[in-house]
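S.K.: After the structure tokens below, expect a handful of questions from me.
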Amino acid sequence: MITVALTGGMGSGKSTVVRLFRLLGVPVFEADREARRLQDDDGDLRAGIAARFGTALYATGGLDRRALAAIVFNDTSALADLNAMVHPAVRAAFRAWAGCRTDRPYVIMESAVLVRSGGHLHFDRTVVVEAPREVRIERVLQRDGCSRDQVLARMAHQATDQELRSAAHHLIDNSGSQALIPQVMELHAILSAYP
């Protein structure tokens, strides 16, 4: 079994690609969802976050993500500290999850931050879903109902298109100029046959 990192910029269409792989029976681990679960349920991670950012973040039981975001997205040191706690916990959860699926030719971890964090280096293959920047901005504006400035601010924290391309073993074009399903089917065949 090989491990595959699936990533791409905000609005690139990673979720759509994930749904297609799932329809093909491929196990997909969603890192962001697992990170949220771990921040609420993993005792060691909770303790680390509370010690670094304050116990008030857990005053209602679960993590107050909005309050944490207000802290870390204005302080690169705080963001680095949070990532240093969360990323290893997510990687460990992925390894345990993947270890239960060794009968499959490959498994996928989907995450927006794999390249910027260097996390893609822990995988056998990296797949990048890409679309032009303006297309991605429009998708996020429609999906999230936020302002263009908010979208641009969030994109500034992600890997650039050039960084993503340089990390990719495989690219999926989700600009709308190529049909998505045949690209996923072709990649599925390649990954299923990967030595």
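S.K.: Any idea which of (1) within 29 Å of LEU20 (Cα to Cα); (2) at pLDDT 95 or above; (3) surrounded by 13 or more Cβ atoms within 10 Å (Cβ to Cβ) is the one ALA96 doesn't satisfy?
M.R.: Unmet for ALA96, out of (1) within 29 Å of LEU20 (Cα to Cα); (2) at pLDDT 95 or above; (3) surrounded by 13 or more Cβ atoms within 10 Å (Cβ to Cβ): (3).
S.K.: Out of ALA156, ALA179, ALA131, report the one residue that is of a type in the set (A, V, I, L, M), in contact with a Lys or Arg (Cβ under 8 Å, 6 or more places away or on another chain) and assigned by TED's automatic domain parsing to the domain that holds VAL18.
M.R.: None of the others qualify; the one that does is ALA131.
S.K.: Which residue out of VAL4, VAL26 is crowded, with 18+ Cβ neighbours inside 10 Å, over 16 Å from the mean Cα position of the chain (by Cα) and within 29 Å of PRO132 (Cα to Cα)?
M.R.: VAL26
S.K.: Tell me which of these TYR106 doesn't satisfy, since it passes every other one: (1) over 21 Å from the mean Cα position of the chain (by Cα); (2) within 26 Å of ARG19 (Cα to Cα).
M.R.: (1)
S.K.: Out of ILE137, ILE172, report the one residue that is β-branched (Val, Ile, Thr) and under 22 Å from ILE2 (Cβ atoms). Talk me through it step by step, then tell me what you get.
M.R.: Numbers: ILE137 fails: under 22 Å from ILE2 (Cβ atoms).
It is ILE172.
S.K.: Taking ARG66 as the residue in question, decide whether it is modelled with pLDDT under 95, outside the structural domain of SER12 (by TED's automatic domain parsing), more than 30 Å from MET1 (Cα to Cα) and of a type in the set (Lys, Arg). Reasoning before the result, please.
M.R.: Details: modelled with pLDDT under 95: yes; outside the structural domain of SER12 (by TED's automatic domain parsing): yes; more than 30 Å from MET1 (Cα to Cα): yes; of a type in the set (Lys, Arg): yes.
When the stated conditions are applied, ARG66 passes them.
S.K.: Restricted to segment 68-82, and to residues that are more than 21 Å from GLU34 (Cβ to Cβ) and of a type in the set (Gly, Ala, Ser), which residue is surrounded by the most Cβ atoms within 10 Å (Cβ to Cβ)?
M.R.: This residue is ALA78.
The values are calculated or read from the model by the stated rules, or taken from the named source; none is laboratory data. Bear in mind the structure is a predicted one, so any value in this text is a computation, not a measurement. Every residue, glycine among them, receives a Cβ derived from its backbone with ideal geometry; neighbour counts consider all protein chains shown.
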